[in-house]
Ligand code: TYD
């Protein structure tokens, strides 16, 4: 049995969730807690290699099924090497994206493959976060922010606004289905204000 706390951040591209994950880690560390801040896809050496395979190159580089396998393979490695050891050591794990991203991006963006995503998750991962912070954001604003960043990683941003809108709706539907696991925070306010709302949501769950 693990004794740590497993927190994930989710949201559409450009929602500011990565900034919020970092701010939360800084605040909790300043309180003297042991925090592991990590991300998906990635978070372990092997999973970071898989990240390059799935986030760079042509949007049709992988079939939807292959893509689900790659994200799940990366997650399995990340669980084995980074997340579970940290939880067993009693640490707070803050993960920027996790299985809910696969449920949305691979489960819903190119046809309905949610059942496949869930079956593979049950078989190979078998664990949910203790708390998931969903940073909710207007997709047009999120996309403008995400596109403003330079870089080679934009496979999913490349799908454009309609997909971001569908992703937002999908995340909110998941949050409504599991209100005990999700905290939904508006991402439109100033980062410091959003950070305070995140902290208020996380505080009761801390060990
Ligand atoms: P991320 O690095 O969090 O980018 P951003 O900060 O722009 O949100 O995620 C990179 C991309 O990976 C993002 O477009 C969503 C996608 N992704 C999936 O499609 N499936 C997954 O399971 C995960 C974890 C991410």
GNM top mover of 122, 100, 13 - the chain, alpha-carbon springs below 10 Å: 122
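By DSSP, what percent of the beta bridges with both residues in the chain are antiparallel, rounded to the nearest 5?
Details: 0 of 20 bridges.
If I count the DSSP bridges inside the chain, around 0 percent turn out antiparallel.
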Over the range 49-170, what is the relative contact order in percent, taking alpha-carbon pairs closer than 8 angstrom and at least six residues apart? 33 percent
With contacts defined as alpha carbon pairs under 8 Å and 6 or more residues apart, what's the relative contact order of the chain in percent? 33 percent
Across 151, 57, 187, the residue with the highest GNM fluctuation in the chain (Cα network, 10 Å cutoff) is 151
Scoring the range 46-97 by relative contact order with C-alpha pairs under 8 Å, at least six apart, yields a percentage of 39 percent
Cα-derived Rg over Rh, computed across the range 1-118 with Rh taken as Kirkwood radius: 0.99
With the convex hull built on the alpha-carbon atoms of the chain, volume per residue in Å³ sits at 116 Å³
GNM, the chain, Cα, under 10 Å: largest mean-square fluctuation among 88, 190, 48? 190
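All of the numbers you see were taken from the coordinates with simple rules; none came from a lab. Remember, predicted model here, so these are calculated numbers, not experimental data.
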